[in-house]
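**Student:** Dumping the structure here so I can ask a few things about it.
The values are calculated or read from the model by the stated rules, or taken from the named source; none is laboratory data. Here the structure is a predicted model, which is why all the values come from computation and not from measurement. Cβ placement follows ideal geometry from the backbone for every residue including glycine, while neighbour counts extend to all protein chains displayed.
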Amino acid sequence: MATIKLSTNKIDELRAVCKSFNHEKGELINVLHKAQGIFGYLPAEVQEIIARELNVSVAHVYGVVSFYSFFTMLPKGEHPVSICLGTACYVRGAEKIIEEFKRVLNIGVGETTSDGKFSLACLRCVGACGLAPVVLVGDKVYGRLSPESVKDIVAEYAK
Amino acid sequence: MAKFKMHLLVCSGTGCHASESELLLQNLKTIINDKGLDTEVQVIGTGCFGFCEKGPIVKVMPDNTFYTQVTPNDAREIIEEHVIKGRKVNRLLYVNPETQEHISDSKHMGFYKKQLRIALRNCGFIDPENIDEYIARDGYEALAKCLTEMTPEQVIEIMKKSGLRGRGGGGFPAGLKWEITSKSVSDEKYVVCNADEGDPGAFMDRSILEGDPHSVIEAMAICGYCIGATNGLVYIRAEYPLAIDRLKIAIDQAREYGLLGKGLLGTGFDFDIELRYGAGAFVCGEETALIHSMEGKRGEPTMKPPFPSVSGYYEKPTNVNNVETFANVPVIINKGAEWFASIGTEKSKGTKVFALAGKINNVGLIEVPMGTTLREVIFEIGGGIKDGKKFKAVQTGGPSGGCLTEKHLDTPIDYDNLVASGSMMGSGGMIVMDEDDCMVSMAKFYLEFTVEESCGKCSPCRIGNKRLHEILDKLTKGNGTLEDIDRLKNLSYVIKDTALCGLGQTSPNPVLSTIDNFYDEYIEHVTDKKCRAGQCKALMQYVIIAENCVGCTACARNCPVNSITGERKGVHVINQAVCIKCGACLEKCKFNAVVIK
């Protein structure tokens, strides 16, 4: 895997985050949340810095990152599309919505379009079951979707 | 506080928020200001009203008018007509689906009639970002009463007498848990609020935190006083940004008022609360896993005993309760144990919040006394099945629960009855399914979830669930044998008996309950290679009935893979080798010519 050059500004920011948590290893998950906020994802390089700062092994950090579905080691698209696969959305046809997004964006779940605009992911329940089936683009929630509405959503961001 | 003549309550829960309720709130405020009414009419963003199906909701007080599906553009009409001229905006009122009558008072709506709101008492009534409104509704009175008039033992006694059981799923008596933790000797103890609502389809904890965060803060402080803890921690999902924001605001306000921090209410008792974020792991709802996650580790559970009440967060005695459990506490202290124990059934006291979702008319959050039947919940409160279809099953308890059917509809809902029927209370998710849902596929869906969420520590759960999923997948593809069904059952029992934590011990429930209740359907998948719900793609074909086809070409035009051929005004045919079974033709055909075979 090619090594990624991280910007020094962001690395400084990350170090400051670790410091703000007193380099406590018990704060690892909080640090990871902040780190993902800074970098958008958690590549190996970021995990190494965190391991050094909190004085834990890289394996421990990786173990935690890979355990929780909220953390990602791959960069997401500019507009991350997350399809809710909670039970309420599932029984109201979330699978068809996934298929349609796959078809329209021409990528699989967990992938990013070649222009880096969209990435596709599934998540479990955003708690907006009243609007099922639900899709998130970034932080914006789209509810009561039909497969036909997928094209319009993508068009909204494709500009 | 200023006195207002009228209040406009706008739902700002996640569901309505997603339907532009924020903009609606802004519009209402702007127009009220423009008209110079801001000293008389107050516009408040509140927590969830529960009736998410009809959101965004605006309630006008004091006349209790309940407007549904309000858009930002409706703001002007509500103000000019209702607020200024006193004429209700009829078109925004709820319409009774049976009588087509407009109903303006929510008390008369089927959805609210049978509800009793204790945990949700303030959701939809107060501005969750304003502590004064909570205090105006007797907020922090219970805490004051406990700290100044009662000993910890007396408070625990009330909790025990009330019969309140843990609302997170386990149903362990809350008072007993507090007592055990209070008796553990240690220099430091912790109160933890479990707000890691991972059960897909359940959103009561989120709604309570968004709509009434102070009730949880107050209860945690009371718990701290009882068990002798000065530190409280809320473990909350990072997926709930709105709830996190509201909780943070509430904690800051409570500190400002001396209701958190050093010397609460001028007594010698110190208590403060911090937040810890979850990161998307279902297993972290299990208390030992949750504690490991709070310590910054992988959220893997450990064997109990020792229970967290004895050895929890950093090996200190820790009392873990769920959000809804805490939300009940201040009311119990204020109104007394006898009052609470008078509601509900013999062994399950009080109320339970359920998240109604799936194929039901009134999706939303409801709170009913324990002992209400499934039929009342689904058909009276829930308004029956969507699109007039036939009720097939209801899944309670999420991925750990089971599917209940027609024959269970009149069972009074409580912890023990649900377990006896092969399901469980869980956190209160209730997903309704209709005749179009395939039960084998449902079981597979839940197992897919468990396989993904299994932490991998113990082999029955890690390997066993994977095998269950594989067998179910085989069945849905039409490759199953009758032995496979037996294998599913046997393996399920082994996993239940041997898995380490609650996740594994309950994960086969959806499989067992669907086999028990829908054995015919399993058999059909094996012997007839048929899925009666038409959901298992491998077991069905879309076919055009020649007599019904008028040759309108709608199906051919909408087929994404061009598998349909036929002349205009001639009979169309689907090429099965090309068809991807997406169902677009069925949806587009207006002449009932496309059928599933």
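**Student:** Determine whether B:Gly45 is within 26 Å of A:Tyr142 (Cα to Cα), small (Gly, Ala, Ser), modelled with pLDDT of 90 or more and surrounded by 14 or more Cβ atoms within 10 Å (Cβ to Cβ).
**Tutor:** yes
**Student:** Out of all the residues in the range B:414-453, which are in a helix (DSSP H, G or I), surrounded by fewer than 24 Cβ atoms within 10 Å (Cβ to Cβ) and more than 14 Å from chain A (Cβ to nearest Cβ)?
**Tutor:** B:Tyr415, B:Asp416, B:Asn417, B:Val419, B:Ala420
**Student:** Could you tell me whether B:Ala533 is touching a Cys at 6+ places or on another chain (Cβ under 8 Å) and more than 29 Å from B:Asp434 (Cβ to Cβ)?
**Tutor:** No; evaluated as a whole, the condition is false for this residue.
**Student:** State the number of residues belonging to the range B:171-195 that are surrounded by fewer than 21 Cβ atoms within 10 Å (Cβ to Cβ), in contact (Cβ under 8 Å) with a residue 40 or more places away in the chain and within 25 Å of the chain's Cα centre (by Cα).
**Tutor:** 1
**Student:** Inside the range B:121-146, can you point out the residues that are among the aliphatic types (A, V, I, L, M) and surrounded by fewer than 22 Cβ atoms within 10 Å (Cβ to Cβ)?
**Tutor:** Result: B:Ile135, B:Ala136, B:Ala144.
**Student:** Need pairs with beta-carbon distance below 9 Å; first residue surrounded by fewer than 12 Cβ atoms within 10 Å (Cβ to Cβ) and within the range B:84-101, second assigned to a helix (DSSP H, G or I); sequence gap 6+ or separate chains.
**Tutor:** B:Arg87/B:Glu81; B:Arg91/B:Asp74; B:Arg91/B:Glu77; B:Glu98/B:Gly110
**Student:** Only one of (1) within 14 Å of chain A (Cβ to nearest Cβ); (2) outside any loop (DSSP other than H, G, I, E, B); (3) within 26 Å of B:Ser184 (Cβ to Cβ) fails for B:Pro301. Which number is that?
**Tutor:** Here B:Pro301 clears every test but (2).
**Student:** How about the range B:475-512: which of its residues are in contact with a Cys (Cβ under 6 Å, 6 or more places away or on another chain) and either part of a loop (DSSP other than H, G, I, E, B) or over 18 Å from B:Gly169 (Cβ atoms) (or both)?
**Tutor:** B:Thr476, B:Ala499, B:Leu500 - these are the residues of the range B:475-512 that are in contact with a Cys (Cβ under 6 Å, 6 or more places away or on another chain) and either part of a loop (DSSP other than H, G, I, E, B) or over 18 Å from B:Gly169 (Cβ atoms) (or both).
**Student:** Name, by its number, the condition in (1) surrounded by 20 or more Cβ atoms within 10 Å (Cβ to Cβ); (2) in a helix (DSSP H, G or I) that does not hold for A:Leu42.
**Tutor:** It fails just one condition, (2).
**Student:** Oh, and also: Keeping to the range B:563-591, report how many residues are farther than 26 Å from B:Gly478 by Cβ and either loosely packed, with under 13 Cβ neighbours inside 10 Å or not aliphatic (A, V, I, L, M) (or both).
**Tutor:** Number satisfying all stated conditions: 10.
**Student:** Continuing with this model, one more query. Quick one: which residue in A:Ser69, A:Ser82 is among the polar types (S, T, N, Q) and in a strand (DSSP E or B)?
**Tutor:** A:Ser82
**Student:** Here's something else I'd like to know. I'm told B:Tyr277 meets every condition in (1) under 20 Å from B:Gly232 (Cα atoms); (2) within 14 Å of another protein chain (Cβ to nearest Cβ); (3) outside any strand (DSSP E or B); (4) in contact (Cβ under 8 Å) with a residue 24 or more places away in the chain except one. Can you identify the failing condition by its number?
**Tutor:** Exception for B:Tyr277: condition (3).
**Student:** Give the residue, chosen from B:Ile158, B:Ile118, B:Ile103, B:Ile135, that is in contact with a Ser or Thr (Cβ under 6 Å, 6 or more places away or on another chain) and either within 21 Å of B:Leu365 (Cβ to Cβ) or not charged (D, E, K, R) (or both).
**Tutor:** Result: B:Ile118 is the single residue among B:Ile158, B:Ile118, B:Ile103, B:Ile135 that is in contact with a Ser or Thr (Cβ under 6 Å, 6 or more places away or on another chain) and either within 21 Å of B:Leu365 (Cβ to Cβ) or not charged (D, E, K, R) (or both).
**Student:** Looking at the structure I just gave you, is A:Thr87 among the hydroxyl-bearing types (Ser, Thr, Tyr), within 12 Å of chain B (Cβ to nearest Cβ) and surrounded by fewer than 23 Cβ atoms within 10 Å (Cβ to Cβ)?
**Tutor:** The answer is no for A:Thr87.
Residues are listed down the side, and each one gets a yes or a no for (1) in contact with a helix residue (DSSP H, G or I) (Cβ under 9 Å, 6 or more places away or on another chain); (2) under 27 Å from B:Leu120 (Cα atoms):
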| residue | (1), (2) |
| --- | --- |
| B:Lys390 | no, no |
| B:Thr396 | yes, yes |
| B:Gly402 | yes, yes |
| B:Ser421 | yes, no |
| B:Met424 | yes, yes |
| B:Met430 | yes, yes |
| B:Asp437 | yes, no |
| B:Val440 | yes, no |
| B:Glu453 | yes, no |
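**Student:** With (1) more than 14 Å from chain A (Cβ to nearest Cβ); (2) out of contact with any helix residue (DSSP H, G or I) (no Cβ under 6 Å at 6 or more places or on another chain); (3) part of a helix (DSSP H, G or I) as the list, and B:Ile44 as the residue in question, which single condition is left unmet?
**Tutor:** Among (1) more than 14 Å from chain A (Cβ to nearest Cβ); (2) out of contact with any helix residue (DSSP H, G or I) (no Cβ under 6 Å at 6 or more places or on another chain); (3) part of a helix (DSSP H, G or I), B:Ile44 violates only (3).
**Student:** A further question on this structure: Return the residues of the range A:46-82 that are among the acidic types (Asp, Glu) and at pLDDT 95 or above; say none if nothing qualifies.
**Tutor:** A:Glu48, A:Glu53
**Student:** What residue, of A:Glu53, A:Glu100, is outside any loop (DSSP other than H, G, I, E, B), in contact (Cβ under 8 Å) with a residue 24 or more places away in the chain and outside the structural domain of A:Leu145 (by TED's automatic domain parsing)?
**Tutor:** A:Glu53
**Student:** Is it the case that some residue within the range B:395-413 is away from chain A (no Cβ under 14 Å) and of a type in the set (Lys, Arg)?
**Tutor:** Yes.
**Student:** Of everything in the range B:189-228, what is outside any helix (DSSP H, G or I), more than 18 Å from B:Leu275 (Cα to Cα) and not aliphatic (A, V, I, L, M)? Give them in sequence order.
**Tutor:** Result: B:Asp199, B:Pro200, B:Gly201, B:Phe203, B:Gly228.
**Student:** In the set B:Val310, B:Val368, B:Val353, B:Val331, which member is assigned to a strand (DSSP E or B) and either within 14 Å of chain A (Cβ to nearest Cβ) or over 30 Å from B:Glu435 (Cβ atoms) (or both)?
**Tutor:** So the residue among B:Val310, B:Val368, B:Val353, B:Val331 that is assigned to a strand (DSSP E or B) and either within 14 Å of chain A (Cβ to nearest Cβ) or over 30 Å from B:Glu435 (Cβ atoms) (or both) is B:Val353.
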